[in-house]
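The values are calculated or read from the model by the stated rules, or taken from the named source; none is laboratory data. Note that the structure is predicted; figures quoted are calculated from it, not measured. In this analysis, Cβ positions are derived from the backbone assuming ideal geometry, glycine residues included, and neighbour counts consider all displayed protein chains.
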Amino acid sequence: MPLTDFEAQYPRICQCLRQAKAAGRTGQAYLLIGDDADFLEKFSLAWAQTAACLGKSPDGKACGDCQPCQLFRKQAYPEFFVIRPQSKSRQITVDAMRQFDHDISLAVLPGRLKVGIVVEAECLGDEAQNAFLKTLEEPPPGTMLLLLTVNARRLLPTIKSRCQCMSLLRNRQDYGLALREGLFAILAGLRRQAGAKIGLRAAARISQLFGQLHDEAEKQAEADRDQRWDDIEDAQIKKQLAEEQEARIEAEYVRLRDSLIDAMLAWFLQRFLIASGMAAELLPHPEMLAAAGDLLENPPSPWEAEQDIREVEDFARCVKGYVEERLSLDAMCLSITEKR
Ligand SMILES: [Zn+2]
């Protein structure tokens, strides 16, 4: 599958990659982050072929005719090394990693690109990651390394910072509700050392948003109400109808609220990607950045960003487990903004 087949879905990423190829500035190490391991592998193959192509197309596309292109098509490109977790243990062992390091260190035909792919890189333990760091820092000449992962948080920050990161999420969510309600502008204020006052103010504003969602849910349920029952006199049936209506409001509210909580998590995950060095144009949800303040110029450390994700995950768990909303919100915002 050529890279051009992915253009419609990831126009910016494909364009960046093709431009790098056309300019002869192909990177040495890439980290492909996504939610579908098979898809990441297909994409990495397409990019590997494009990068290995000897044609000199001005738009950076693979020519399809040169020897590397032909060999890739037959899945017979010789300078191609893949490491993946063993099927049973779901681990990539240190020994396997050392063997991979050795394989890609061997000399190849001059002018030919060597490609090393680490499939499901999250299956590398810390020790194997450390063993790989040196290769990642200084790959053998003419080598391109591609790390694929569906769980970037399992990778050491030192691994991530040595790669060009790109996000290839397939199930992009629509965060229109959160954007409309100004959620991201509130979240942008939640920063380390900001202090309790700012934390509590943010919690109050998010709580207000939840209140608006409740009103919206009520309106929606009212609009959906079956008016044929309005003239019923029977008190028993009236009571039952009122209870059913209440349940519908609550269900609609929970649906709206959960989509806002998902958006919160997406915000903090994206913040983590920025902290890990991902370029703004390659982020999965660049539309969130409009409200990001100086996040791009002044990101938290990857470690802090990761801690903050935990706080939001805790909050989501509490709320969905029926801990009181406002209490959980205060706790989350205070933990993130705490002065330490
Ligand atoms: Zn070619």
Condition broken by residue 307, with the remaining ones in (1) in contact (Cβ under 8 Å) with a residue 40 or more places away in the chain; (2) assigned to a helix (DSSP H, G or I) satisfied: (1)
Residue 159 β-branched (Val, Ile, Thr) and touching a strand residue (DSSP E or B) at 6+ places or on another chain (Cβ under 6 Å): no
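Considering the range 21-68 alone, what residues qualify as being in a helix (DSSP H, G or I) and within 16 Å of the ligand (Cβ to nearest atom)?
As a first pass, look at the range 21-68 and keep what is in a helix (DSSP H, G or I): 21-22, 37-52, 67-68.
21, 22, 45, 46, 47, 48, 49, 50, 51, 52, 67, 68 - these are the residues of the range 21-68 that are in a helix (DSSP H, G or I) and within 16 Å of the ligand (Cβ to nearest atom).
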Residue within the range 69-78 that is within 15 Å of the ligand (Cβ to nearest atom), of a type in the set (A, V, I, L, M, F, W, C), in the same structural domain as residue 14 (by TED's automatic domain parsing) and loosely packed, with under 15 Cβ neighbours inside 10 Å present: yes
Odd one out for residue 14 among (1) farther than 18 Å from residue 118 by Cβ; (2) under 23 Å from the mean Cα position of the chain (by Cα); (3) within 16 Å of the ligand (Cβ to nearest atom); (4) buried (at least 21 other Cβ atoms within 10 Å of the Cβ): (3)
Enumeration of residues in the range 79-95 that are more than 16 Å from the ligand (Cβ to nearest atom) and not in a loop (DSSP other than H, G, I, E, B): 81, 82, 83, 92, 94, 95
Selected residue [assigned to a helix (DSSP H, G or I) and farther than 30 Å from residue 223 by Cβ] from 295, 289, 329: 289
Search result, residues across the range 281-304 that are surrounded by 13 or more Cβ atoms within 10 Å (Cβ to Cβ) and free of Cβ contacts under 8 Å to residues at least 24 places away in the same chain: 286, 289
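Each row is one residue, and each column tells you yes or no for (1) farther than 23 Å from residue 36 by Cβ; (2) in a helix (DSSP H, G or I); (3) acidic (Asp, Glu).
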residue: 109; (1), (2), (3): yes, no, no
residue: 115; (1), (2), (3): no, no, no
residue: 127; (1), (2), (3): yes, yes, yes
residue: 131; (1), (2), (3): yes, yes, no
residue: 135; (1), (2), (3): yes, yes, no
residue: 139; (1), (2), (3): yes, no, no
residue: 146; (1), (2), (3): no, no, no
Hits in the range 255-280 (condition: crowded, with 18+ Cβ neighbours inside 10 Å, in contact with a helix residue (DSSP H, G or I) (Cβ under 6 Å, 6 or more places away or on another chain) and over 14 Å from residue 184 (Cβ atoms)): 256, 257, 272, 275, 276
Residue satisfying all of: in the range 142-154; buried (at least 21 other Cβ atoms within 10 Å of the Cβ) and under 14 Å from the mean Cα position of the chain (by Cα); modelled with the highest pLDDT among these: 148
Residue under evaluation residue 120, criteria (1) of a type in the set (Asp, Glu); (2) crowded, with 19+ Cβ neighbours inside 10 Å; (3) farther than 28 Å from residue 284 by Cβ, criterion not met: (3)
